[in-house]
Amino acid sequence: GARGRGGAPAAAGGGRPAAGGAPPPPATLTLLAGAGVDAAAVPAARAVTPGVIAVGPAALVDVAVARAGAGAEGLGEVDAELRALRAAAMPAQADGAVVRITARLGFDARVALAAAVGVDVAPATLSVWADVADDLAVIARLGAGAEAGAGAETDARAEVAALREMAADALGAVAGLPASRRLGVAPAVRAATLTAGDDGVAVIALIGPRRLARAVDRARAALPAAATPPGADDPALESP
């Protein structure tokens, strides 16, 4: 389907830890939303609001529950910035998504993420949007986080260049995966566009309808017979 795509990367933030004392370790709060979401069915989950559950450190879950209970007035400007970051990757003409990822990382979290995934630099902000219609579109915005001060402009340019190189390497790695080659999506991954801006990098990948349909067929063929739900092939269950 036709969608609007493109635009400049989101503004970045982040900073180094304050002097003195070890900073707290990076932590992740995961929110799951949906009509059938039940905290009792997910280990270590807590209900935030009806249809929304949270999984993560107790302190972060407490904050999510408290802010949800306070309503819009309890969200504050910081959350408004995070909502803007979440929206940054979504095209203006899009009306939904199958995957959305938003992250704002401080200095220590960036160091930890870079070490965990084996790259030299991690983004200060991350906004990802993906949707599937007759094609598959993915947009990721990787924000730089150079600090203000003398030489900041030079630092920002160097960081954006490093983020672009990291993104290019990541795309190459994904394209080189045996699964990508078997499904026939490697050429589309290699064809993804990388656009460097003043404050970050935008990555846009598109798998067209024919290639996506072929990939789905190959994936289905590779699934073991046990993966097919009972009755899935029963003609009586098919829609007219």
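The values are calculated or read from the model by the stated rules, or taken from the named source; none is laboratory data. Because the structure is a prediction, the values reported are computed rather than measured. Every residue, glycine as well, gets a Cβ built from its backbone with ideal geometry; the counts of neighbours run over all protein chains shown.
Observations, loosely collected:
- Of all residues in the range 68-97, those that are at pLDDT 85 or above have Cβ atoms under 6 Å from Cβ atoms of residues that are of a type in the set (Val, Ile, Thr), 6 or more apart or on another chain, in Leu85/Thr102; Leu85/Thr125; Arg86/Thr102; Ala89/Val128; Ala89/Ile139.
- Residue among Arg110, Arg182 that alone is under 19 Å from the mean Cα position of the chain (by Cα) and of a type in the set (Lys, Arg): Arg110
- Filter result for Ala130 (crowded, with 20+ Cβ neighbours inside 10 Å and either modelled with pLDDT of 85 or more or closer than 24 Å to Leu212 by Cβ (or both)): no
- Residue that is of a type in the set (Gly, Ala, Ser) and buried (at least 19 other Cβ atoms within 10 Å of the Cβ), where the choices are Ala162, Ala202: Ala202
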